[in-house]
Each structure stands twice: as C-alpha cells, then as structure tokens.
Amino acid sequence: MLQFSEVTVTMNGVLSVLYAVIGVMIIVVLYHVLFIVVDLRKMMRRLEDTTSQIEAILLKPLAIIDEAFTWVVEHVGHMKKKKKKSKDEKAFDVETLS
C-alpha cells in the first residue's frame, strides 16, 4: 500500500485499473481488426474481378489460335485424303488401260 498526498494506492486498485486499460485496448484492437477485415474483403473482391478480366483477355486469343489450328489440321487432312484418292484413281485408271 502506497500513500500519495491523501490518495491511497493498493495493489488491487492498480490491478483493477490495469485490467480496465487492457480491456479498452482489446476493444480498440478488435475495432481496428474489423475494419481491416472489411477492407481486405473489398480488396479481394476487386482482385477477383481483375483476375477474371485478365483471364478472359488471355483466353480469347488462345481460343482463336485453337480454332485456327483445328481448322488448319482439318484442311490439311482433307487435302491429304484428296491427294491419296487422286493418286489411287490415277493408278486405277492406269491399270484399267493396260
């Protein structure tokens, strides 16, 4: 127990004041954490929107390239089949003439 100009300070009183100060500090920290979490949610939502837009921008040219590649492969395949048929027909014609 300490005596300061007509004020008596006990350990229980100091401990009670410290508990009150810690309680107020915890409330302030939780208040700030709440705002941080809300801001992070907004940022993540914006990041998700931006990511989906970038993904769409990157996938469009890839889809076009895929379509073009498929078209080229199909036409090359058709050309090879036509060449084989024309060679087979010529060989068949030659056999019938001889």
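Quick test for you: out of Val24, Val17, pick the one residue that is assigned to a helix (DSSP H, G or I), at pLDDT 95 or above and of a type in the set (A, V, I, L, M, F, W, C). Step by step, each of Val24, Val17 is checked, and only Val24 is assigned to a helix (DSSP H, G or I), at pLDDT 95 or above and of a type in the set (A, V, I, L, M, F, W, C). Would you be able to say whether some residue in the range 1-11 is of a type in the set (Gly, Ala, Ser) and surrounded by 10 or more Cβ atoms within 10 Å (Cβ to Cβ)? So far as the range 1-11 goes, no, none of its residues is of a type in the set (Gly, Ala, Ser) and surrounded by 10 or more Cβ atoms within 10 Å (Cβ to Cβ).
The values are calculated or read from the model by the stated rules, or taken from the named source; none is laboratory data. All values reported here derive from a predicted model rather than from experimental measurement. Methodologically, a virtual Cβ is constructed for each residue, glycine included, from the backbone with ideal geometry; neighbour enumeration extends over all protein chains shown.
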